[in-house]
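Here the structure is laid out as structure tokens; the discussion comes afterwards.
The values are calculated or read from the model by the stated rules, or taken from the named source; none is laboratory data. Here the structure is a predicted model, which means the values were calculated and not measured. All Cβ positions, glycine included, derive from the backbone under ideal geometry; neighbour counts span all protein chains shown. Side chains are part of the model used for accessible areas, which takes the heavy atoms of the whole protein and leaves out ligands, DNA and RNA. Shrake-Rupley method; radii C 1.70, N 1.55, O 1.52, S 1.80 Å.
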Amino acid sequence: MKKALFDFKDPFFKPLWIRVLIFAICIGWGLLELSMGANFWGALFIGMGLMAGYHFFMAGNFPGDEAD
């Protein structure tokens with residue numbers, strides 16, 4: 001099976017603080033880029049943050065929950 005670009009089910013993402021930190025860094029960096037006039041990079045990082053936030057907090061399939 002082809003592996004996705006971002007594997008949100010990786011055990012590295014199991015601690016909550018790592019998931020919150022990644023979400024906050026992406027959104028924060030995107031806002032910084034937007035404030036400096038770099039619209040493409042701002043939109044890219046905010047999109048990555050929103051995608052990570054959805055998979056980490058809303059999708060319901062949290063890292064480490066799957067039974068292997």
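Values computed for the structure shown
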read-out: Every pair of residues 6+ apart whose Cβ atoms lie under 7 Å, when the first sits in segment 4-24 and is under 18 Å from LEU50 (Cβ atoms) and basic (Lys, Arg) while the second is in a loop (DSSP other than H, G, I, E, B) and at pLDDT 90 or above; value: none
read-out: Hits in segment 26-48 (condition: surrounded by fewer than 17 Cβ atoms within 10 Å (Cβ to Cβ) and under 18 Å from ALA59 (Cα atoms)); value: GLY47
read-out: Options PHE23, PHE57, PHE8: the member that is among the aromatic types (Phe, Trp, Tyr), at pLDDT below 85 and open to solvent by less than 100 Å² (accessible area, probe 1.4 Å); value: PHE8
read-out: Segment 34-45 residues that are in a loop (DSSP other than H, G, I, E, B), paired with ones that are among the basic types (Lys, Arg) and open to solvent by 60 Å² or more (accessible area, probe 1.4 Å) (beta carbon under 7 Å, 6 or more apart); value: none
